[in-house]
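Okay, structure first, notes after.
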Amino acid sequence: MEVKIRETDEFIKLGQLLKKAGLVGSGVEAKEVILDGEVKVNGETEERRGRKLYDGDVVSFDGEEIKVVR
């Protein structure tokens, strides 16, 4: 799956990406799964909801891989 960053933005935050991809229903849910260590960014567990993701970053969660594209 790919999630596109808006042309006017340089990055997307991790919590926003999970919501935009439809993998969580709310920011609260995103925060919970991130803090529980269930989300990986480029193969490493990430616990910061505000982690900035750029073109080419890959997020793994719940058996899904999401690639950030510009």
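Numbers below:
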quantity: Solvent-accessible heavy-atom area per residue, rounded to whole Å², over the chain at 1.4 Å; calculated: 63 Å²
quantity: CD proxy at 222 nm, helix term only [per DSSP H run n ≥ 4: -39500 (n - 2.57); per residue of the chain; nearest 500]; calculated: -6000 deg cm²/dmol
quantity: Under-15-angstrom lysine pairs by C-alpha in the chain, whenever the two are 8 or more apart or on separate chains; calculated: 20
quantity: Share of carbon and sulfur in the accessible heavy-atom surface of the chain [1.4 Å probe, %]; calculated: 40 percent
quantity: 5 Å binning of all Cα-Cα separations within segment 24-70, expressed as whole percents from 0 upward; calculated: 5, 22, 33, 28, 11, 1
quantity: The chain - charge dipole about Cα centre, Lys and Arg +1 at Cβ, Asp and Glu -1, debye rounded to 20; calculated: 300 debye
quantity: Interchain or long-range residues, amide H under 5 Å from LEU53's placed H; calculated: ILE12, LYS13, LEU14
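The values are calculated or read from the model by the stated rules, or taken from the named source; none is laboratory data. Remember, predicted model here, so these are calculated numbers, not experimental data. Note that each Cβ is placed from the backbone with ideal geometry, even for glycine, and that neighbours are counted across all protein chains shown. Remember, those area values only see protein heavy atoms, side chains included, never the ligands or the DNA or RNA. Shrake-Rupley method; radii C 1.70, N 1.55, O 1.52, S 1.80 Å.
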